[in-house]
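Notes follow once the structure below has been shown.
The values are calculated or read from the model by the stated rules, or taken from the named source; none is laboratory data. The structure presented is a predicted model; accordingly, all values stated were derived computationally and were not measured. Note: ideal-geometry Cβ built from the backbone for every residue, glycine included; neighbour counts use all protein chains shown.
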């Protein structure tokens, strides 16, 4: 599970029985009282590198803040 310091989203990676990568999570804003978008999708390992590159790009655009 990707456990961010921001409380309004969660991202989980797992493998299913067919060896596919299952990505699931939610985004909620404002926390505790806002709308919540839940999602889940399946991909194979072919696209994991692209997905990881996208996460790295997100970190560059939205760096970790001091807590």
| Sole exception among (1) in contact with a strand residue (DSSP E or B) (Cβ under 7 Å, 6 or more places away or on another chain); (2) modelled with pLDDT of 85 or more for residue 49, by number | (1)
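What do you reckon, is residue 3 touching a strand residue (DSSP E or B) at 6+ places or on another chain (Cβ under 9 Å), modelled with pLDDT under 85 and surrounded by fewer than 10 Cβ atoms within 10 Å (Cβ to Cβ)? Spell out how you get there, then give the answer.
Numbers: touching a strand residue (DSSP E or B) at 6+ places or on another chain (Cβ under 9 Å): yes; modelled with pLDDT under 85: yes; surrounded by fewer than 10 Cβ atoms within 10 Å (Cβ to Cβ): yes.
Yes.
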| task | Kindly list the number of the only condition in (1) touching a residue at least 12 places away in the same chain (Cβ under 8 Å); (2) out of contact with any helix residue (DSSP H, G or I) (no Cβ under 8 Å at 6 or more places or on another chain) that fails for residue 23. | result | (2)
| note | Contact list, first residue from the stretch 37-64 and farther than 21 Å from residue 17 by Cβ, second anywhere and at pLDDT 85 or above and surrounded by 10 or more Cβ atoms within 10 Å (Cβ to Cβ), beta-carbon distance below 8 Å, six or more apart or interchain, is 37/26; 37/27; 37/28; 38/24; 38/25; 38/26
| query | Within the stretch 18-36, can you find the residues that are assigned to a strand (DSSP E or B) and surrounded by fewer than 11 Cβ atoms within 10 Å (Cβ to Cβ)? | reply | 35
